[in-house]
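Worksheet: one structure, shown below.
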Amino acid sequence: MGVQGLTKLIGDHAPGAIREHEMKDYFGRKVAVDASMCLYQFLIAVRSEGQNLTNEDGETTSHLMGFFYRTLRMMDNGIKPIYVFDGKPPQMKSGELAKRGARRAAAEVSLKEAQEAGEQENIDKYTRRLVRVTKEHNTEVQQLLTLMGIPFVVAPAEAEAQCAALAAAGKVYGAASEDMDTLTFGTPTLLRHMTYSENRKKPINEVSYEQVLEGLEMTKETFVDLCILLGCDYCESIRGIGPHRALALLREHQSIENILASLDPDKFTVPEDWPYAEARRLFLHPDVADPATFDFEWKKPDEEGLVQFMVNEKGFSEKRIRDGIAKLNKISTTATQGRLDGFFTAAKRPAAAAGANAKKRAAPASGAKSAPATKKRAGGSGGRPRR
């Protein structure tokens, strides 16, 4: 769900925080990509006649096609992606997950009715609502990334929180996600639409956390309270308090506690046992692996391994896969010609909120070398300074 109405609120009150860019503008940048969001995107977007792409055995392959070609596109534009996958969802998210289950059940009923009526537009709509990302999807994509030589991390909990932590620690330039609560977790730079299809012709929206706070006249803490009031994955909002009223109330009262003390109970009903304080804690102190323990590497692709997996096992065209591998190999051999502030030294970034929450306990990750905590500046690219 993300944070309801946050994009429009930022557009209305902090328009300067959002800037449009082309993908080529990020040449030489390392970017943490919300892989769990990508999985869902690719499963609903890469479709053939209303159905997911499948191989001859009926296995879904939409997610593999999406990750292979979208990663190629980013790499071809000089971007070095680090994919981050969801771990175990926080207990606080169980309510939102239950709501999603109820929506899926309703969509199944609506899909059956649309099929009986022969309404193709509604069939497509409700089929998309029934898409579910499985453990097998995650495992297959991680296998693909390993064969492509692309690093990835499995977060202890929320992928977008881990992306934000990596960005705040300077390990990457920004966090690429469509989920606006990546900002709530404190990423200095949010990159939206980076994993969209080129056919959609959508510019990348770069959102500056520091300029969002400045435009909304908020601190990190009041911004988190704003996102809770708007409605987030961890708890529902207060009925009757919309985005602009929530902003005005927080500017006046500075905290949810003070707002609750001032609300007229005859006009506003606060949800019973409203867990706003726990939601605040999860945003300010999320469960993330310590960014200092990671030493990311981009390796040469395993050509025969990719052919075995993508062609022999998953049924993709051998010519297309080998063409993609050739492009990856070419990228890896020409990367040294990239700009000095990109691949091999710390890239300059707009001034960012330094206080973003980038720490917590260290957690094991997959697809990335785990560096000793005492290692000062272990390079993500051949031991050189990185970001």
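The values are calculated or read from the model by the stated rules, or taken from the named source; none is laboratory data. It should be emphasised that the depicted structure is a prediction, and the values quoted were computed from it without experimental measurement. So basically every Cβ, Gly included, is an ideal-geometry build from the backbone, and we count neighbours across all protein chains shown.
Some notes on this structure:
One line per residue, one yes/no per condition, for (1) free of Cβ contacts under 8 Å to residues at least 12 places away in the same chain; (2) within 28 Å of Ser62 (Cα to Cα); (3) surrounded by fewer than 21 Cβ atoms within 10 Å (Cβ to Cβ):
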site: Val153; (1), (2), (3): no, yes, no
site: Ala161; (1), (2), (3): no, yes, no
site: Ala164; (1), (2), (3): no, yes, no
site: Val172; (1), (2), (3): no, yes, no
site: Asp181; (1), (2), (3): no, yes, no
site: Pro188; (1), (2), (3): no, no, no
site: Met194; (1), (2), (3): no, yes, no
site: Ser197; (1), (2), (3): no, yes, yes
site: Arg200; (1), (2), (3): yes, yes, yes
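- Residue-level analysis places Met65 outside the set of residues that are in a helix (DSSP H, G or I) and either modelled with pLDDT under 85 or at positive phi (or both).
- Restricting attention to the range 275-311, the residues that are surrounded by fewer than 17 Cβ atoms within 10 Å (Cβ to Cβ) and either without any contact (Cβ under 8 Å) to a residue 40 or more places away in the chain or among the aromatic types (Phe, Trp, Tyr) (or both) add up to 6.
- Meets criteria (of a type in the set (A, V, I, L, M) and closer than 15 Å to Ala35 by Cα) for Ala169: no
- Among (1) in a loop (DSSP other than H, G, I, E, B); (2) within 28 Å of Pro156 (Cβ to Cβ); (3) modelled with pLDDT under 65 - the single one Gly58 does not satisfy: (2)
- Boolean, Asn205 is assigned by the TED database to the domain that holds Ile44, within 22 Å of Asp76 (Cβ to Cβ) and either part of a helix (DSSP H, G or I) or over 20 Å from the mean Cα position of the chain (by Cα) (or both): no
- Taking the listed residues Ile10, Ile82, the one that is within 19 Å of Glu160 (Cβ to Cβ), in a helix (DSSP H, G or I), of a type in the set (A, V, I, L, M, F, W, C) and modelled with pLDDT of 95 or more is Ile10, with no other qualifying.
- Residues that are part of a strand (DSSP E or B) and either within 9 Å of the chain's Cα centre (by Cα) or under 18 Å from Gly231 (Cβ atoms) (or both), drawn from the range 175-189: Ala175, Ala176
- Some residue of the range 210-221 being buried (at least 22 other Cβ atoms within 10 Å of the Cβ) and in contact (Cβ under 8 Å) with a residue 60 or more places away in the chain: yes
- Selection over the range 237-259 of residues that are out of contact with any Lys or Arg (no Cβ under 9 Å at 6 or more places or on another chain) and touching a residue at least 40 places away in the same chain (Cβ under 8 Å) gives a count of 4.
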